[in-house]
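Derivation of every value follows stated rules applied to the coordinates shown; laboratory data play no part. Given the structure is predicted, the values throughout are model-derived calculations rather than measurements. Every residue, glycine among them, receives a Cβ derived from its backbone with ideal geometry; neighbour counts consider all protein chains shown.
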Amino acid sequence: MTTKEQERKALEKIRKIVDELGEGSYIATAFEGCFDLAESNIEYDFGESMKDRADSWQKKAEELAEELEDVHRELAQADAARQLSEKKLEATEKSYDKLQYELAKARGELQQASEFVENAKKVYAHRIEELERMMLSAADTMENYADRPQDIAYGAALKHYRTYRAERDNLRAELTKLDSKT
């Protein structure tokens, strides 16, 4: 299990990677708001993800769609029976318009969240590849100094290897979480 400090360091590394992409980066755009969410998760021992939010928006969209169908039925009954007063009809139409707006908004947010999840998976996969290359490099250095483990280069390579492996394992776990929710 990683510590909060390890999580913060990993988040800073990811943030640095994204910041290095520069303004206008598609990935940076996809990460908007995510770093704040990650910081909040770390700070308050919470596990909310953009995928969780997307699921919540999906559920809300479904609920809104059901409500919208109910409003459609009400409107049809009011029109066929002419039993609703003009005031109630006007209120129902306002509710219908509001629900249509909220449904469109929820669908847009769901689409954004889905795109974010896909982009995050790509970033994680790319970073995992980088870390594995760095682990191989550190392992090569350790192998070169295997007969001199007291050498500073061996110790530094071992430390780097362990750091890279821990970050890679954390990212793999996050990637697995994302994969299991899609």
Quick one: compute a quarter of the convex hull surface over the Cα atoms of the stretch 28-110 and quote it in nm². 6.9
Divide by every residue of the chain the summed helix terms, -39500 (n - 2.57) for each DSSP H run of at least 4, and state the resulting mean residue ellipticity at 222 nm, rounded to the nearest 500 deg cm²/dmol. -30000 deg cm²/dmol
By average Cβ neighbour count within 10 Å, what is the ranking of 146-152, 91-97 from highest down? 91-97, 146-152
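Taking 0.36 nm per residue of sequence separation and subtracting the Cα-Cα distance, how much length would be gained by fully extending the chain between Lys4 and Ala156, in nm to one decimal?
Details: separation 152, 0.36 × 152 = 54.72 nm, distance 2.36 nm.
Gain on stretching Lys4 to Ala156: 52.4 nm.
Over the chain, what is the relative contact order in whole percent, taking alpha-carbon pairs under 8 Å and six or more residues apart? Numbers along the way, then the final one.
Values: 119 pairs, mean separation 39.3, N = 182.
RCO, the chain: 22 percent.
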Select from Ile14, Leu64, Phe31 the residue farthest towards the positive end of the dipole of the chain; place +1 on Cβ of Lys and Arg, -1 on Cβ of Asp and Glu, and compute about the Cα centre. Ile14
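Using the eigenvalues of the Cα gyration tensor, what equivalent ellipsoid semi-axes result for the stretch 4-181 when each is taken as the square root of five times the eigenvalue, whole Å, largest first?
Semi-axis lengths for the stretch 4-181 are 54, 13, 12 Å.
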Among Lys9/Lys122; Lys9/Lys177; Lys60/Lys98; Lys59/Lys122; Lys98/Lys181; Lys60/Lys181, the pairs whose Cα-Cα distance exceeds 23 Å are Lys59/Lys122; Lys98/Lys181
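Compute, for the chain, the length of the dipole vector about the Cα centre, with Cβ point charges of +1 (Lys, Arg) and -1 (Asp, Glu) only. Units Debye, rounded to 20.
With Lys and Arg at +1 and Asp and Glu at -1, about 380 debye.
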Just tell me which aspartates and glutamates come within less than 18 Å, Cα to Cα, of Lys88; anything on the same chain fewer than 8 places away is out. Glu67, Glu69, Asp70, Glu74, Asp79, Asp97
Give the peptides 164-171, 61-68 in descending order of average Cβ contacts within 10 Å, highest first. 164-171, 61-68
Full extension between Arg172 and Glu43 adds, at 0.36 nm per residue less the Cα distance, a length in nm of 44.3 nm
Count charges around Tyr161 for me, please; just the other residues with Cβ under 13 Å from its Cβ, Lys/Arg as +1, Asp/Glu as -1. 0
